[in-house]
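The values are calculated or read from the model by the stated rules, or taken from the named source; none is laboratory data. Note that this is a predicted model, so its numbers are computed, not measured. Quick reminder, even Gly has a Cβ in these numbers, built from the backbone with ideal geometry, and neighbours come from all protein chains shown.
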Amino acid sequence: MKLELTLNGHPCTADVPAHWTVLDLLRDGLHLMGTKYGCGEGVCGTCTVLADGRPMRACLVLAAHVRGRALTTIEGLERNGRLDPLQTAFAERGAAQCGFCTPGMLLAAKALLGENPTPTADAVREALAGNLCRCTGYTKIVEAVLAAASGRR
Amino acid sequence: MTVRLYPFQLVEPETLAAALDAVAGRDGDARLVAGGTALVPMIRLGLVKPDRLISLHRLPELAAIRRDGGILELGAMARLADIHTAPLVREGWPLLAEAARRVATPAIRVSGTIGGNLCYAEAASDPGPALLCLEAEVRIARSVGGRTVPATDFFRGFYETALQPGEIVTAIRVPATPGGARSGYVKFTSRSAEDRPLVGVAALVVPDSSGRWLDARIGLGGVAPTPIRARRAEATLRGESPTDAALRATAEAAAREAEPLSDLMGSADYRREMIRVWVRRLLTMLRDGTRSS
């Protein structure tokens, strides 16, 4: 099955089996390993990517369903060698420990800030409700998103 | 370790007629797929092994959210996120907007569709009880003619709907919310906030100028093989004043007419107790105006 899509701002073509999900396409078809496989059931959120700016569970969506769409993965979050303000805030505030949930956290947060640039702490918690972290807890993650939103360092 | 989906063929029809042709083919086990948020995990877990998936994603006309006179028409492929953010729905059918917003998490609502939610026939559906209260109808297409089924008849049993082989749900039609209605949806989850409800309660009441309730509708999710209307509980309120004692009696009636199961989320007894609590709580909030939509 041939696919054309936009990946991290660049045109991309792939030829993958029809039963592959977006996660299979990214990791095994395109060798982008930043998007993680966690539960495979849409619960844990670590495979979250953006499709046309909105959050998507890469493990749940068939690769065919992103034909022609614009995907953003964690590899595409930095631009011209500069980290996204969310990435900087996560790093500076210790919002990552083992790092496995981090790509999904960052992309879910990116989707939130795209829709609501000045979220409340409650809005951040709601946006990240589907992203599980089993190391640090969520306090620093929420603080980092709020800091990135307000431009605080 | 990555568990790949059991292989299947994928058919991507570009017209409804072609989709109906594809589902009419009786060879092997074919399944319709909309957003995939329910079907893909079932395939991954080996609960179903379809050899053919028929995707509806190339039928954009099925994703429309529009008004048809006084009726809200949701295409079966309308995304839950688009339903709860659409001004048309928020203003005219706030109960549905509120229930759609409570489904799982943001990323699931962006992919998941209203038609898929109904066809999955999960007893603990969030939109299900709201659509029952709003007396929605399900539009079904088939190769010859079509039919319309009230939502109450669409849910037939545990993960079972009225949809027959060769048919496709194309739209959900929702009559106008009654004038002066107050409505709300609450869900109680026993594990995490974004989980499916242990008990979900939708209610719509129409007070008159003296405070009596001319109409009272209560939908319940997670407490029977399908989402249900608690009709005996409703009957205790219609034309009555919603006093604290009346609301307690209504909640008790709702707990009695439910047929809850025990599962990993909670026992049947616990579900009945939570029906008592949450039906009373929601109706009290609607009465007092501390929550209304």
Open item on the list: Return the residues of the stretch A:46-100 that are small (G, A, S), more than 12 Å from B:A107 (Cβ to Cβ) and in a strand (DSSP E or B); say none if nothing qualifies.
Closed with: A:A70
TODO: Could you identify the single residue in A:L71, A:L25, A:L62 that is under 14 Å from the mean Cα position of the chain (by Cα), over 23 Å from A:A96 (Cα atoms) and either within 7 Å of chain B (Cβ to nearest Cβ) or not small (G, A, S) (or both)?
DONE: A:L71
Task: Subset tally (residues that are assigned to a loop (DSSP other than H, G, I, E, B), more than 11 Å from every other protein chain (Cβ to nearest Cβ) and touching a residue at least 12 places away in the same chain (Cβ under 8 Å)) for the stretch A:28-45 - done: 4
Task: Considering residues of the stretch B:28-37 that are among the hydrophobic types (A, V, I, L, M, F, W, C) and more than 9 Å from chain A (Cβ to nearest Cβ) only, the residue nearest to B:A107 (Cα to Cα) - done: B:A34
TODO: Go through (1) crowded, with 20+ Cβ neighbours inside 10 Å; (2) under 24 Å from B:Y6 (Cβ atoms); (3) facing chain B (nearest Cβ under 10 Å) and name the single condition A:A18 misses.
DONE: (1)
Open item on the list: Name the residue that is farthest from B:T170 (Cα to Cα), counting only residues in the stretch B:40-63 that are outside any loop (DSSP other than H, G, I, E, B) and more than 9 Å from every other protein chain (Cβ to nearest Cβ).
Closed with: B:M42
TODO: Can you run down the residue pairs with Cβ atoms below 6 Å, 6 or more apart or on separate chains, where the first is in the stretch B:112-134 and touching a residue at least 24 places away in the same chain (Cβ under 8 Å) and the partner is among the acidic types (D, E) and assigned to a loop (DSSP other than H, G, I, E, B)?
DONE: none
TODO: Only residues that are part of a helix (DSSP H, G or I) and either surrounded by 14 or more Cβ atoms within 10 Å (Cβ to Cβ) or among the charged types (D, E, K, R) (or both): list them for the stretch B:229-247, please.
DONE: B:R231, B:R232, B:A233, B:E234, B:D244, B:A246, B:L247
Task: Candidates A:R67, A:R27 - the one that is surrounded by 18 or more Cβ atoms within 10 Å (Cβ to Cβ) and out of contact with any helix residue (DSSP H, G or I) (no Cβ under 8 Å at 6 or more places or on another chain) - done: A:R27
- [ ] Return only the number of the condition from (1) of a type in the set (S, T, N, Q); (2) surrounded by 19 or more Cβ atoms within 10 Å (Cβ to Cβ); (3) in a loop (DSSP other than H, G, I, E, B) that B:T250 does not satisfy.
- [x] (3)
TODO: Evaluate the following for B:R109: is it charged (D, E, K, R), in contact (Cβ under 8 Å) with a residue 24 or more places away in the chain and more than 24 Å from B:A230 (Cβ to Cβ)?
DONE: yes
Open item on the list: All but one of (1) outside the structural domain of A:W20 (by TED's automatic domain parsing); (2) within 25 Å of B:T2 (Cβ to Cβ) hold for A:C47; state the number of the condition that does not hold.
Closed with: (1)
